[in-house]
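Right, one structure below, let's go through it.
The values are calculated or read from the model by the stated rules, or taken from the named source; none is laboratory data. Small disclaimer: the values here were computed from a predicted structure and weren't measured. A quick note on method: Cβ atoms are made from the backbone with ideal geometry, for glycine too, and the neighbour counts reach across all protein chains shown.
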Amino acid sequence: MAGWTMGYAMAIVSTVAMAYLAFRARTGGFLERWVDPEVSSALLAVPIFMGMTLTWTMFGLILGSAYEVGNFKHHAGALGAPSAPFLVAMFGVAWLPLPPLLIFFRREWKLWIAMSVVFVGLFGWCMPYLAAR
């Protein structure tokens, strides 16, 4: 349940980020190839939210299961996190998408870094605390 909960929280954060990008791309003409200009930009947030919710909650369930199966709760903590190895693993997972995102979408680098920090915060710190309850 802890993984699903953190996945849902990450879905909300991702929805805000992707809706921001969709609104921004809408004014630049990028999305007009795929979406009719008469479709409200606010309406685009609905399928974005549905997709993000499904994706992140499933990913959260996988990470939560990995935390339990890997017995990470019995490892020593670090930097305020209950499990140092799991925190390091979440740092690694959060870093993986950054190079291609920074290469292809350089102008949004602050958004990508913020999303990675939120990911580490939710899955590296919050999920282990919630799993211990």
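Data table
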item: Output for the stretch 92-113, where each listed residue is under 21 Å from residue 20 (Cβ atoms), touching a residue at least 12 places away in the same chain (Cβ under 8 Å) and not charged (D, E, K, R); result: 94, 97, 98, 111, 112, 113
item: Checking residue 57 against (1) assigned to a helix (DSSP H, G or I); (2) β-branched (Val, Ile, Thr); (3) at pLDDT below 85, the condition it does not meet; result: (3)
item: Given (1) in a helix (DSSP H, G or I); (2) at pLDDT below 80; (3) over 13 Å from residue 127 (Cα atoms), index of the condition residue 49 fails; result: (2)
item: Flag if residue 89 is assigned to a helix (DSSP H, G or I), closer than 21 Å to residue 1 by Cα and at pLDDT 80 or above; result: yes
item: Scan of the stretch 14-40 for residues that are surrounded by fewer than 17 Cβ atoms within 10 Å (Cβ to Cβ), assigned to a helix (DSSP H, G or I) and either at pLDDT 80 or above or among the polar types (S, T, N, Q) (or both), ordered by number; result: 16, 27
